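Read through the structure below, which is laid out as structure tokens, and then see the notes.
The values are calculated or read from the model by the stated rules, or taken from the named source; none is laboratory data. In this text the structure is predicted, and so the values were computed from the model without any measurement. Neighbour counts run over all protein chains shown; Cβ positions are idealised from the backbone, glycine included. In case anyone asks, the SASA skips ligands and DNA or RNA and just uses the protein heavy atoms, side chains included. Shrake-Rupley method; radii C 1.70, N 1.55, O 1.52, S 1.80 Å.
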Amino acid sequence: MEDSLLLWRSIVANKLLKNVDLVLFLNKCDLLQEKLEAGVRLATFMTSYGERPNDFESICKYFKNKFAAMHQTLTPNPERDLYIHMTSVIDTQATKKIIVSVRDMLLRDALKGTNLL
């Protein structure tokens, strides 16, 4: 996870990407769910998680907030949008809906830029 946070930091702070909206896919949520059900505590591996509840929804919220806070703090463009999706590649229907949603968002933004929408 530390590697992911370092990579995210470099992407968010990159001035070459300052005018690009970002879409973050937090993948392998199915594996996270399995680990939690097996009794693994996130705080054992991420001390910053502290004594928060060790359930799937709380942990997903924590990760979303952590990545969003880094974006808000480090972005060279406060107007840039960030979209975060929790995904599991094995859940093909949910993944398909997310990809369609992202595609529609990108098309809308492109049309707005041409004053067609």
Return yes or no: is Val12 outside any loop (DSSP other than H, G, I, E, B), modelled with pLDDT of 95 or more and open to solvent by less than 60 Å² (accessible area, probe 1.4 Å)? yes
Residues located in the stretch 67-76, provided they are within 9 Å of the chain's Cα centre (by Cα) and not aromatic (Phe, Trp, Tyr): Ala68
Answer with yes or no whether Thr47 is modelled with pLDDT under 90, exposed (fewer than 12 other Cβ atoms within 10 Å of the Cβ) and more than 24 Å from Asn14 (Cβ to Cβ). no
Pairs under 6 Å by beta carbon, first residue farther than 17 Å from Phe25 by Cα in the stretch 72-85, partner at pLDDT 95 or above and open to solvent by less than 40 Å² (accessible area, probe 1.4 Å), six or more apart or different chains? Leu74/Val12; Thr75/Val12
As an exercise: evaluate Asn54 against (1) assigned to a loop (DSSP other than H, G, I, E, B); (2) modelled with pLDDT under 95; (3) open to solvent by less than 40 Å² (accessible area, probe 1.4 Å) and give the number of the one condition it does not meet. (2)
What pairs can you find where one residue is in the stretch 41-67 and at positive phi, the other is open to solvent by less than 50 Å² (accessible area, probe 1.4 Å), and their Cβ atoms are less than 9 Å apart, with a gap of 6+ or different chains? Gly50/Ala43
Could you please tell me which pairs satisfy a Cβ distance under 9 Å, a separation of 6+ or placement on different chains, a first residue in the stretch 96-117 that is among the hydroxyl-bearing types (Ser, Thr, Tyr), and a second residue that is modelled with pLDDT of 85 or more? Ser101/Tyr83; Ser101/His85
Which residues, counting only those in the stretch 89-117, are at pLDDT below 80 and under 19 Å from the mean Cα position of the chain (by Cα)? Val89
